[in-house]
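Peer 1: There's a structure below that I have some questions on.
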Amino acid sequence: LLFSMVKHHPASAKTVMTELLAQSEFPSPHATASDNRLFLQQMLSTRSFIKVKGIVNEFSVKCRNLQGTAY
């Protein structure tokens, strides 16, 4: 769903994602504002499903505070 939104409606996706990621401690207190900005920038700059999966996976690991583990 996220990939389709970014691919087919990039302007709307940018607006929605910017508003969501601007909220305090969203989506997790472990993700800093710079992590959120990097995630947004990476998501909006790619059109490859494989890259989007990697970006989302990397961001979810940060949000769950699992950096440096087997995930």
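Peer 1: Using the Karplus curve 6.51 cos²θ - 1.76 cosθ + 1.60 with θ = phi - 60°, what ³J(HN,Hα) values do you get for each residue of region 42-50, in whole Hz, with x for Gly and Pro?
Peer 2: Rounded to whole hertz, the list is 5, 4, 7, 9, 10, 10, 9, 4, 4.
Peer 1: Just from the alpha-carbon atoms, what are the Rg and Dmax of the chain in angstroms?
Peer 2: Cα only, the chain: 12.0, 35 Å (Rg, Dmax).
Peer 1: Moving on. Roughly how many percent of the accessible protein surface of region 15-70 is carbon and sulfur, given a 1.4 Å probe and a whole-percent answer?
Peer 2: 57
Peer 1: Determine the equivalent ellipsoid of region 27-68 by diagonalising the alpha-carbon gyration tensor, then write out the semi-axes as square roots of 5 times the eigenvalues, largest first, rounded to whole Å.
Peer 2: Values for region 27-68, descending: 18, 12, 6 Å.
The values are calculated or read from the model by the stated rules, or taken from the named source; none is laboratory data. Small disclaimer: the values here were computed from a predicted structure and weren't measured. Surface accessibility is based on the protein's heavy atoms, side chains included, excluding ligands, DNA and RNA. Shrake-Rupley method; radii C 1.70, N 1.55, O 1.52, S 1.80 Å.
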